[in-house]
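One structure is given here, and the rest of the page talks about it.
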Amino acid sequence: MHVHHHTTLQSQGGTAQVAHNLMAWLSRHDVTGSHTYEIQDDASPGQRLPPIAVAEHVRTPDNLANNTTTIHLHGSADWPTCLDGFAATSHRLVLTLHDCRLFTGGCAYPLDCGLWKTGCREACPQKLPNPALHHQVVFRLLEMLRPLLISPSAWLSRMVREIHPQARIHTIPNAVPESLGPAIKSSEYKRDVKRELGIDAAGKVVLFVAHGGKQAMYKGGHLWERLWKRVKQGEPRAVAVAVGGNAIHRHGGDFIELPYLDRERLLRCMDASDVLIYPSLADNHPLIILEAMSRGLPCAAFASGGIPEQIVHEQSGLLSPPGDVVRLAASVLDILGNPRLGRQLAQAGRDRFIRLFQMDHMGRRHLRLYADLPRS
């Protein structure tokens, strides 16, 4: 079996990470793979393709004759153009919905807009260009191609079924590779990692993470400073590490901004932290929460999108109503002020990760779906 994966970004962001994690798991289970992308974001080698060329790239004589290749599309900067290329082919087509772009007018998340249910209009609340055309064209192509759809969250699967009741959609939660290191960190271990990263060993470290940093509006990056002020007011020893922006900045010595980090460096930041604050206003099944759970880092987040499918409130983390900055900051202070609570949440989160979100769970379900795809 061969699976070709296509993503928008080459390696950065959750979508590309999911694709790479899945390819690595499949390669260990006798499934060969290949990868193309539309936007290069690092210096590593790879195959960059515009959306219009994706279908042509995988339309090789061997694939057409034997129908041995499954095409797994994880994203595109231009879904209408990318999908249109497959209209005249008989490829085994799988699409993972990492966000809502495939059934809206092009927005990643509709937030409070309900037009995705009835048909997007030109007066788009998010001011996207030609949302009605995008919505119509993609709807028509999905009806024509009838791909196998995968959603990482039941939340998004329900949204799809509301407007595409005949869609073939499966819910397969995201997963991350289990990281090495102690599940629950001793105070000595955490002090050593803080010193390694140049953080006051006595500081109570809160971690913010979003691809795009403070500019990541869906992920609540614009709320980081408001949350930080409330946390700092309640815990003077608090130190913030904010990951995902474009450069390194230190503000007053207790708010450290870092650029996008590779996984190993991000995990070290997690080891130095006492709580992950994740104020995402719209999300599907974010990897950063799974990474925190696997690493024994308690998380306080908004109960948006598929996040309540990851975190059970007051058992494996603390959830607040979306947008309620006061409640979320209070949850963070509860964790910082009660080490026993932090340890309980960390252990329960780690246990939940092992039970539900390891790569074997995700990989085997993909493998079964690939094997069941009809050959034409």
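Bear in mind that the values in this text are calculations on the coordinates, not laboratory data. Only a predicted model underlies this, so the values are computations on that prediction, with no experimental measurement involved. Positions of Cβ are backbone-derived with ideal geometry, glycine not excepted, and every protein chain shown enters the neighbour counts.
For the chain, the longest principal axis of the alpha carbon atoms and the long axis of helix 359-372 meet at an angle near 10°. Candidate cross-link partners of LYS232 among the lysines, defined by an alpha-carbon separation under 16 Å and a same-chain spacing of 8 or more, comprise LYS204.
Counting only DSSP beta bridges with both residues in the chain, tell me the antiparallel percent, nearest 5. Could you put the intermediate results ahead of the total?
On the way: 3 of 49 bridges.
Around 5 percent antiparallel, to the nearest 5.
Have a look at ALA201, ALA108, ALA88 and tell me which one the Gaussian network model of the chain (Cα, springs below 10 Å) gives the largest fluctuation. Per the Cα network of the chain with a 10 Å cutoff, ALA88 tops the list.
For region 187-356, give the magnitude of the charge dipole about the Cα centre (Cβ charges: +1 Lys/Arg, -1 Asp/Glu; no others), in debye to the nearest 20. Intermediate results must be reported in sequence, preceding the final value.
Details: 23 positive and 19 negative charges, 43 e Å.
That gives region 187-356 a dipole magnitude of about 200 debye.
For PHE139, the shell of other residues with beta-carbons less than 15 Å away shows a net charge of +3, using +1 for Lys and Arg and -1 for Asp and Glu. Peptides 350-359, 307-316, ordered by how many other C-beta atoms sit within 10 Å of their residues on average, highest first, read 307-316, 350-359. Between the C-alpha center of region 74-146 and that of region 212-267 there is a gap of 33 Å. Please give the helix 263-272 orientation as an angle from the longest Cα principal axis of the chain, in degrees from 0 to 90, rounded to the nearest 10. Tilt relative to the chain: about 30 degrees. In terms of the Cα gyration tensor, with a ≥ b ≥ c the square roots of its eigenvalues, is region 187-356 rounded because a/c is under 1.5, prolate because a/b exceeds b/c, or oblate? Judged from the Cα gyration tensor, region 187-356 comes out rounded (a/c under 1.5). Placing one equal scatterer on every Cα of the chain and applying the Debye formula, the log10 ratio I(q)/I(0) at q = 0.12, 0.15 Å⁻¹ is -0.92, -1.34.
Straight Cα distances below 16 angstrom link LYS194 to the aspartates and glutamates ASP254, GLU257, GLU264, ASP271, ASP274, with same-chain residues fewer than 8 positions distant left out. For LYS117, a cut-off of 17 angstrom between C-alpha atoms picks up these aspartates and glutamates, skipping any fewer than 8 places away in its own chain: ASP99, GLU143, GLU162.
Between helix 13-27 and the chain, what is the angle of the helix's C-alpha long axis to the longest principal axis, kept within 0 to 90° and rounded to the nearest 10? Its long axis makes an angle of about 70 degrees. Using the Cβ-Cβ distance between ALA108 and ILE39 with R0 = 22 Å, the FRET efficiency computed as 1/(1 + (r/R0)^6) comes to roughly 0.90. Of the peptides 74-86, 188-200, the ranking by mean beta-carbon count within 10 Å, highest at the top, reads 74-86, 188-200. Normalised by the number of residues in region 252-324, the mean separation of alpha-carbon contacts (under 8 Å, six or more apart) gives a relative contact order of 28 percent. A simple count of charges around PRO279, restricted to other residues whose Cβ falls under 14 Å of its Cβ and scoring Lys, Arg +1 and Asp, Glu -1, yields +3.
Over region 187-356, Cα pairs under 8 Å with separation of 6+ residues give a relative contact order of 21 percent.
For the peptides 228-235, 273-280, the ranking by packing is 273-280, 228-235, with the highest mean count of neighbouring Cβ atoms within 10 Å listed first. Note on region 273-376: dipole from Cβ charges, positive end direction compared against LEU367, LEU287, PRO339; the farthest Cα belongs to LEU367. Is the C-alpha gyration tensor of region 297-365 telling us rounded, prolate or oblate? Criteria: a/c under 1.5 is rounded; beyond that, a/b larger than b/c is prolate, otherwise oblate. In terms of gyration-tensor shape, oblate.
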